1. Looking at the structure I just gave you, is residue C:462 out of contact with any Pro (no Cβ under 6 Å at 6 or more places or on another chain), of a type in the set (Asp, Glu) and crowded, with 16+ Cβ neighbours inside 10 Å?
2. Looking at (1) over 30 Å from residue C:359 (Cα atoms); (2) of a type outside the set (Val, Ile, Thr); (3) surrounded by 15 or more Cβ atoms within 10 Å (Cβ to Cβ), which is the only condition residue C:505 fails?
3. Would segment C:187-197 turn up any residue that is more than 28 Å from residue C:276 (Cβ to Cβ) and surrounded by fewer than 24 Cβ atoms within 10 Å (Cβ to Cβ)?
4. Scanning for something closer than 21 Å to residue C:111 by Cα and crowded, with 24+ Cβ neighbours inside 10 Å, does segment C:287-307 turn up at least one residue?
5. Output the qualifying pairs, or none if there are none: Cβ atoms under 7 angstrom, residues six or more apart or on different chains, first residue in segment C:60-87 and at negative phi, second residue surrounded by fewer than 11 Cβ atoms within 10 Å (Cβ to Cβ).
6. Can you name the condition, by its number, that residue C:564 falls short on among (1) over 30 Å from residue B:93 (Cα atoms); (2) surrounded by 12 or more Cβ atoms within 10 Å (Cβ to Cβ)?
7. Quick test for you: out of C:612, C:547, pick the one residue that is surrounded by 12 or more Cβ atoms within 10 Å (Cβ to Cβ) and in contact with a Ser or Thr (Cβ under 6 Å, 6 or more places away or on another chain).
8. Restricting to segment B:35-48, name every residue that is assigned to a helix (DSSP H, G or I) and surrounded by 17 or more Cβ atoms within 10 Å (Cβ to Cβ).
Amino acid sequence: MDKVHLLLLLSGALFSLGLLGVIVRRNALVMLMCMELMLNGVNLSLVTFSQQRGDAAGAVLVFLVFVVATVEIALAIPIVLLLVRFKRSMDIDRYSDLKG
Amino acid sequence: MGAVALLSAVLMLVLREPMRVALALITTMVMLGGIYGLLGVHFIAAFQVLIYVGAVMVFMVYVIMLLEVREAPGNRRYSRWLVPGVTAFATLVGVLGISVYRSSADVLTAPGAPPFSLTQFSTAFLSQYWLEFELTSVFLVAAIVAALAVIKVSRRVHGSAPGSANG
Amino acid sequence: MPHTLALIALLPLVGFLLNGFFATALGGHRANERVAAIVGCAFPIAAFALTIKAFLDLQAGGFTPIVEPLYRWALIGSSSFEIAFYFDRLSAIMTLVVTGVGSVIHIYSTGYMHHDKSFGRFFAYLNLFLFFMLLLVLGRSMLVLFVGWEGVGLASYLLIGFWFDDLTNAKAGRKAFITNRIGDAGFLLGMFLLYRAFGTLDMDTINGAFLTGSGAAMIVPASLVGLLLFVGATGKSAQIPLYVWLPDAMAGPTPVSALIHAATMVTAGVYLTARMSGIYMMAPEASQVIAVVGVLTAFFAATVALVQTDIKKVLAYSTVSQLGFMFLALGVGAYGVAIFHVVTHAFFKACLFLGAGSVIHALGGEQDIRKMGGLRTKIPLTFWTFAVATAAIAGIPGLAGFFSKDEILWYAFASAKGGAPWLWGMAALTALMTAFYMFRLLWLTFMGASRMSQEVEHHVHESPISMTGVLMLLALLSAGGGYIAIPHFLEAQIPLPPIVESLAHYEQTLLIVSIVLAFAGLGLAVFMFGGPASRPESIKQALLPVHRLLSGKYFIDELYDRVIVKPVAWFSEVVLLRGSDTLLLDGSLNGLASLAQRSAGLLSRAQTGSLHLYALLVMVGIVGALLWSWRHV
């Protein structure tokens, strides 16, 4: 098992953990944080590949992901805030207005 | 370092309080930053810590503290999809692992000798990958505009001084 | 002048358009009645004038047929369909009758339809009818003839159901149209056969080919075509089995009955057969069928006319009967004689119908002859004209009907092309019956003591000059029309059949028999109805079952209804409407819609609104995608 494999495994594990967190946790903010975790996992694998191939494209994408993550947080949190104000609860399972 | 990252990630899922979850996430990110450094891409590591930990997580912590007060205690931690979720998770990890093993890989170059430097990266970013560069600017603008829109909505809806939804 | 023929046909069309668009909205209003009347009558009279001119042109040209192409209608592949007009001796006679009698009936209508609320519409329809009828008789190709054929059917429908507020009238119109269409199926088949063989539908070409026996004529089975065309004729000219619409058509205004159902439209079938005489001369089987059907129709209709009590119904069955005579003549090869009878019949039948209209007008709407009587002194003009026409139809010597009917009887007996004694026998019996029931009608309507109700009697008045003038003209023609020797005029174009040698000497005998029969009918009628009312009553009681059968018109309508109409209606309702339409079509459409709805309902259950579930599904999807990518590893 060499380094690349390990790193990739770690990246996959982080990503899966993040996704699992989205599935499993109830708190809206915690879900958001798990999504951040997913993004980090992706970043790791991107960096690994970029290093491996000596290609700057990976780094560029990493940068892009940073920006996307930032923007996402900047917008998702206000939305959650507003929602919480309406529903008076941070429990995702209570939000089923889109049902049907 | 990788192991610590993994551990804290698992902790994220297990901890009850959101505050503690945030701390675990910060740990994970810092560890990842370290990994990047070890890999030789220092500038990315710098970005990671700066942007993620410095801005994003600070924001999250701030919001958690803000909303903490309203949280009704005694909430259940996990959703009803726990069991299926974990099952799917195991499958996914297994599949990913097998995929990784099946793939061939070159030996990583020795750390300390970065294949590309910051200068190289910047030049590439501005010349060959200029589109992504522009995209980032657009994203940021969009974010600002959206944030303003959210403020407006919240003002209209609540009619009073808006909340603290400021990035 | 070029385009004379086209103008003859088109002028009434202009009248239709003018009256149709402008007069209807204001019809019934006094001032506009006059305008509508002038417009309505001017065009047919102009057409008549042009016809006379065309006839003179024809005569000047030595009677070579005038061909006048107008317009190429369609070019399909290599076959072209032209609209062209054709004027020879036969068309000349028919056109003169159509425009002449048509014009005077238009004039009559200005009086009869006075104060009717749809005055303008009436004249519009009448003009429309004239247009189509002229297309029919002037057309060169069977296609144009067929356009006219269908068109007069349409006009007939519109006019029978003219007072459509009464449902019975509308139903009568519909019955006429549908019965016609059934006959048209045969007509169309005949046309198809002809077209396939000749590549053209020009009647002169087809006729010529048959007469000279050239190539294509040999392939076509003449009898089959002849029979098919005759099926069309039975529909239009009210022969067995498609005559049932004509008595019901009496629901229309009387001028309509006179023009369409006596003088012109119903003779279209006779015209067609005479025009295609080339085919029939080569088709003895078809001719035989025509003759038999004709004589049977004549006999049968006359028996029904014996006991009818509505003045117009008597005349209607009389028309069917006389048409039978014409087909009898056609069947034995005497085409010119049949046309002769068409002309004389047009005169006296129109006179009779218009006279009946005058009576109905005088009595304020009464049509039952049992409630008439004694009108001779009250409306003398109507009476005398009616009497002349009755004598004509009965075959009193010297008047028009005598000449034409006698010729038919003679040829029925002695024609070498199918004449037979039994044909003559039935026809002679029918002639006797004709004389009888016509004089019965005359007596019951005009003679004897009055059986009218008091107030009707009080209002009896002679009709205006617009009506009586026409009556007088037609009566004159009924009297003198027989002296126009039409069969000989036509002989140059359509030869008369040869006479069986051995029978030639019977001509005088048969002539005398005809005269005897006519007077016998007259005498019998006077005997029955001139005396006390008990005489016809006692005869009726003695023969009650026969009487019932006859007044029920042999219950043919009821038979048709049960055997044909009801099954078809059942089929349409159950199989087609409920089965196919509702079940299949609507069902499949609604089924598709409800299928979409139900499946959407099912699928929407997946939208639980739960984010967790969605995320789980994402994970499952990723697993699936990865697994799928292993195919290539």
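1. The answer is yes for residue C:462.
2. (3)
3. No, there is no match, as no residue in segment C:187-197 is more than 28 Å from residue C:276 (Cβ to Cβ) and surrounded by fewer than 24 Cβ atoms within 10 Å (Cβ to Cβ).
4. no
5. The qualifying pairs are C:81/C:74; C:83/C:71.
6. (2)
7. Details: C:547 fails: in contact with a Ser or Thr (Cβ under 6 Å, 6 or more places away or on another chain).
Among C:612, C:547, only C:612 is surrounded by 12 or more Cβ atoms within 10 Å (Cβ to Cβ) and in contact with a Ser or Thr (Cβ under 6 Å, 6 or more places away or on another chain).
8. To start, the set of residues in segment B:35-48 that are assigned to a helix (DSSP H, G or I) comprises B:35-39, B:42-48.
B:35, B:36, B:37, B:39, B:43, B:44, B:45, B:47, B:48 - these are the residues of segment B:35-48 that are assigned to a helix (DSSP H, G or I) and surrounded by 17 or more Cβ atoms within 10 Å (Cβ to Cβ).
The values are calculated or read from the model by the stated rules, or taken from the named source; none is laboratory data. On a predicted model such as this, the values are computed, not experimentally measured, just so you know. Neighbour counts are summed over all protein chains in view; Cβ atoms, including those assigned to glycine, are modelled from backbone coordinates with ideal geometry.
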